[in-house]
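The values are calculated or read from the model by the stated rules, or taken from the named source; none is laboratory data. Computed from a predicted structure; not experimentally measured. As a convention, Cβ positions derive from the backbone with ideal geometry for all residues, glycine included, and neighbour counts pool all protein chains shown.
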Amino acid sequence: MMKVIAFDLDDTLISGWPPDDKRTKVADQLDTLFENPHYFIVVYTARSYTIFNETRDLLRKHNIKYHALVMEKIRADYYVDDKALGVEENLVDLITNGYN
């Protein structure tokens, strides 16, 4: 069964604002999860729909892989967000092996 993993954009996958924006370590872990066919990766953000194209371009600039981009929080099996505890942990192991 496919699991949906929702990643927050700002300060989770990308930190800072242009021109000083940087890809985070969490984005590197997303790459590993994206390659697993059992996961559907969604990037979500509270940014306005009026800047959807700019947001998509920012993800392309940082080579962030995803299946869907939404400008709101969605229902998911897992959420990865800078407001969550342990966001810097090894997400691949946590998601693949389950939370204990």
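Quick notes on this one:
- For beta carbons closer than 8 Å, sequence separation of 6+ or different chains, a first residue in region 1-20 that is free of Cβ contacts under 8 Å to residues at least 24 places away in the same chain and part of a strand (DSSP E or B) and a second that is surrounded by fewer than 21 Cβ atoms within 10 Å (Cβ to Cβ) and of a type in the set (Ser, Thr, Tyr), the qualifying pairs are Ser15/Thr24.
- Strands (runs of 3 or more DSSP E) contained in region 26-84 and holding at least 2 residues of a type in the set (Val, Ile, Thr) and in contact with a helix residue (DSSP H, G or I) (Cβ under 9 Å, 6 or more places away or on another chain): 39-44
- Ala46 meets the conditions (1) surrounded by 11 or more Cβ atoms within 10 Å (Cβ to Cβ); (2) of a type in the set (A, V, I, L, M); (3) modelled with pLDDT under 90 in every case but one. The failed one is (1).
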